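S.K.: To start, I am sharing the structure in question, which I have written as structure tokens.
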Amino acid sequence: MTNDYHLFGIGNALLDTEYQVSERFLAHNKVLKGRMTLIDSARRSALINSVDGTPDDVSAGGSVANAIYAAQGFGCQNFFAGVVADDNVGMAFINELTDAGIDTLPPRKTARGDSGQCLIFITPDGERSMNTSIGIADSFELSELPIPTIQSAELVYVEGYLASSRAGRDAARNVINHARDAGVRTCMTLADVSIVQNFKSALEYIVAPELDFLFCNVEEALEWCDVNSVEGTYDPLLSIARLCVITLSEAGCIVIEREHSPMRVLGFPHSPLDSNGAGDMFAGAYLTGVINEWDNYRCAQFANFAAAKIVTQIGARLNSLTGYRELWRAFHDGSR
């Protein structure tokens, strides 16, 4: 069978809007540092009005959308399923992905509500504090899901943030079930420790009975398994996924796979400026390696290399698709 797409991703469609701010700004506006906080439209407007100047970066974001974009830049052909309204925010989101060659769901012409937006406040230490106004991004209707497209992909990649709403949870489960029926491999990111803390039962519903790949950082892994050591997470994580990649920030990652010994893959030296998008870039690069039938070590090495690059700039995306191609070449020609 010939696959129409390498990756089919589903997640909350959010226009990422980034600002560099001070620690004082976070304290004054009661922004929880280093976490993703769900906010309503009124809070979104108040925060925007509190920021001096224009955004430092605006891009079509959301965790899976960022990963899909990276994989597209590395040579894959992808589809992203996300819900946006026919408004300025929604069309900016759609246009950026389609300009990159990524196919998408069309915007809702008669949507009740606004497109989603994520305000990302970056402090001088490079830490990101996300305040997300979901809008209609999580209002998936099962009738909108393109089942033939899902089943024509090589991999489906699901965003853990979808667990925060019933519609999102049901859409994620539906996509995974249709993928399994067609023999399409399934992947998910736990997304954020706050999602694990508050919506673990919904995540368990989405993944049941198991996934092929799971991505998480060490904090999410420890929270999911309720343990104090990363070694204690291995068996619980492998009960829900055949292979799991645990990221360790600048230290690299650990790849665990059933019936194999855990594998530690070192990261690459870098000077972090903005941690936003590091996990998304990592997943996009790793899955690109999977598409290219690389072994686990090479997939992880490329993912570490790509993640180390993205944190040295402001924003979750490289400036252009050319930047991804250059990163791909740098990895392959050994100039790393």
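The values are calculated or read from the model by the stated rules, or taken from the named source; none is laboratory data. All of these numbers come straight from a predicted model, not from anything done at the bench. Here the Cβ positions follow ideal geometry from the backbone for every residue, glycine too, while neighbour counts run over all protein chains shown. Each accessible area value is taken on the protein alone, full model and side chains, heavy atoms only, with ligands, DNA and RNA left out. Shrake-Rupley method; radii C 1.70, N 1.55, O 1.52, S 1.80 Å.
S.K.: Sort out which residues of segment 210-226 are surrounded by 15 or more Cβ atoms within 10 Å (Cβ to Cβ) and either of a type in the set (Phe, Trp, Tyr) or over 21 Å from Tyr286 (Cα atoms) (or both), and write them in order of number.
M.R.: Correct list: Phe213, Phe215, Leu222, Glu223, Trp224, Cys225.
S.K.: Do we have any residue at all in segment 253-261 that's open to solvent by 10 Å² or more (accessible area, probe 1.4 Å) and under 27 Å from Pro55 (Cβ atoms)?
M.R.: No, because not a single residue in segment 253-261 is open to solvent by 10 Å² or more (accessible area, probe 1.4 Å) and under 27 Å from Pro55 (Cβ atoms).
S.K.: Further, regarding this structure: Determine the pairs where a residue that is within 10 Å of Asn12 (Cβ to Cβ) and in a strand (DSSP E or B), located within segment 148-165, has a partner that is of a type in the set (A, V, I, L, M, F, W, C) and open to solvent by 10 Å² or more (accessible area, probe 1.4 Å) with Cβ atoms under 6 Å apart, the partner being 6 or more residues away or on another chain.
M.R.: Taking only residues 6 or more apart or on different chains, the pairs are Glu159/Ala191.
S.K.: Among the residues of segment 21-38, which ones are assigned to a strand (DSSP E or B) and surrounded by fewer than 20 Cβ atoms within 10 Å (Cβ to Cβ)?
M.R.: Thr37, Leu38, listed by residue number.
S.K.: Answer yes or no as to whether Arg264 is of a type in the set (D, E, K, R) and either touching an Asp or Glu at 6+ places or on another chain (Cβ under 7 Å) or farther than 30 Å from Phe305 by Cα (or both). Don't jump to the end; show me each part of the working.
M.R.: Details: of a type in the set (D, E, K, R): yes; either touching an Asp or Glu at 6+ places or on another chain (Cβ under 7 Å) or farther than 30 Å from Phe305 by Cα (or both): no.
Considered against the rule, which asks whether it is of a type in the set (D, E, K, R) and either touching an Asp or Glu at 6+ places or on another chain (Cβ under 7 Å) or farther than 30 Å from Phe305 by Cα (or both), Arg264 comes out as no.
S.K.: In segment 49-89, what residues are in contact with a Ser or Thr (Cβ under 8 Å, 6 or more places away or on another chain), hydrophobic (A, V, I, L, M, F, W, C) and farther than 28 Å from His332 by Cα?
M.R.: Answer for segment 49-89, where residues must be in contact with a Ser or Thr (Cβ under 8 Å, 6 or more places away or on another chain), hydrophobic (A, V, I, L, M, F, W, C) and farther than 28 Å from His332 by Cα: Val58, Ala81, Val83, Val84, Ala85, Val89.
S.K.: Additional query: From the set of residues in segment 322-336 that are among the basic types (Lys, Arg) and not in a loop (DSSP other than H, G, I, E, B), which is least open to solvent (accessible area, probe 1.4 Å)?
M.R.: Within segment 322-336, the subset among the basic types (Lys, Arg) is 325, 329, 336.
Those left that are additionally not in a loop (DSSP other than H, G, I, E, B): 325, 329.
Working: Arg325: 109, Arg329: 128 Å².
If we take residues in segment 322-336 being among the basic types (Lys, Arg) and not in a loop (DSSP other than H, G, I, E, B), then Arg325 is least open to solvent (accessible area, probe 1.4 Å).
S.K.: Taking segment 168-207 only, how many residues are farther than 14 Å from Thr149 by Cα, in contact (Cβ under 8 Å) with a residue 12 or more places away in the chain and surrounded by fewer than 17 Cβ atoms within 10 Å (Cβ to Cβ)?
M.R.: 5
S.K.: Would you confirm whether any residue within segment 262-281 is free of Cβ contacts under 8 Å to residues at least 40 places away in the same chain and within 22 Å of Asp125 (Cα to Cα)?
M.R.: Checked segment 262-281: at least one residue is free of Cβ contacts under 8 Å to residues at least 40 places away in the same chain and within 22 Å of Asp125 (Cα to Cα).
S.K.: So, in segment 60-118, of the ones that are assigned to a helix (DSSP H, G or I) and of a type in the set (Val, Ile, Thr), which residue ends up most open to solvent (accessible area, probe 1.4 Å)?
M.R.: Among those residues, the one meeting the criterion is Thr98.
S.K.: What are the pairs with Cβ atoms under 7 angstrom where one residue, in segment 120-138, is charged (D, E, K, R) and the other, located anywhere, is modelled with pLDDT under 90 and buried (at least 23 other Cβ atoms within 10 Å of the Cβ)? Sequence gap at least six, or different chains.
M.R.: Correct list of pairs: Arg128/Asp274; Arg128/Asn276.
S.K.: Can I ask one more? Search segment 277-321 for residues being crowded, with 21+ Cβ neighbours inside 10 Å and among the polar types (S, T, N, Q), and hand back the single one that is nearest to Gly62 (Cα to Cα).
M.R.: By that ranking, first place goes to Thr288.
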